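The values are calculated or read from the model by the stated rules, or taken from the named source; none is laboratory data. In this text, all values refer to a predicted model and were calculated from it rather than measured experimentally. When we count neighbours, we look across all protein chains shown, and the Cβ atoms used for this are built from the backbone with ideal geometry, even at glycine. Heads up: the accessible areas ignore ligands, DNA and RNA and are worked out on the full protein's heavy atoms, side chains in. Shrake-Rupley method; radii C 1.70, N 1.55, O 1.52, S 1.80 Å.
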Amino acid sequence: MYEHILVAVDESDHADKTLEQAARLAQAFQSRMTLVHAFPSSVDIVGSPVYTNVLAQRTEKGQQVLDEMHARLGDAGPQVGTELCEGPAADAVLSKAKELEVDLIVLGSRGLGTVERWLLGSVGHKVSHLAHCPVLIVR
């Protein structure tokens, strides 16, 4: 049913539950999984030395998040790839899902605090309304 599952991961408390649910589905359907992590863009300082340093730091931290989540799957995990993206999380997830032609997107129900969610909107809300495929939001 699901050949390729995209899993949005971050550093929130829900990331472990999200990964666990996605891994169960991937095992049940013998699916490939791609872990996607997005870090905020710094468009206002593009081209400056500050941007280069910020980009390097965010890239390194993002890769650590992906590596840690990948390691949690262990050897028994399904075929897993990773994608690190710069930009708003919802946009990155939607873009990668379409690019990779995934059959299912799995993401956590929370990642932001109440104020940030109110100001920026919910990633899950945006992804669930704009995705080309089914979306599973894990609580």
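Observations on the structure shown:
- Among residues that are at pLDDT 90 or above and closer than 27 Å to His132 by Cβ, Glu60 is not included.
- Failed item, numbered, when Lys98 is tested on (1) at pLDDT 95 or above; (2) buried (at least 17 other Cβ atoms within 10 Å of the Cβ): (2)
- Close pairs from segment 91-109: first within 11 Å of Val127 (Cβ to Cβ), partner hydrophobic (A, V, I, L, M, F, W, C) and surrounded by fewer than 16 Cβ atoms within 10 Å (Cβ to Cβ), Cβ under 8 Å, at least 6 apart: Leu94/Leu130; Ala97/Cys133; Ile105/Cys133
- Matching residues in segment 13-33 - criterion: being among the aliphatic types (A, V, I, L, M) and out of contact with any Lys or Arg (no Cβ under 7 Å at 6 or more places or on another chain): Ala15, Ala22, Ala23, Leu25, Ala26, Ala28, Met33
- Residues (surrounded by 17 or more Cβ atoms within 10 Å (Cβ to Cβ) and not in a strand (DSSP E or B)) located in segment 123-139: Val123, Gly124, Lys126, Val127, Ala131
- For segment 76-89, the condition of being in a helix (DSSP H, G or I) and either open to solvent by less than 30 Å² (accessible area, probe 1.4 Å) or at pLDDT 90 or above (or both) holds for at least one residue.
- Under the condition of being open to solvent by 10 Å² or more (accessible area, probe 1.4 Å), in a loop (DSSP other than H, G, I, E, B) and more than 16 Å from Ala71 (Cα to Cα), the residues counted in segment 11-39 number 3.
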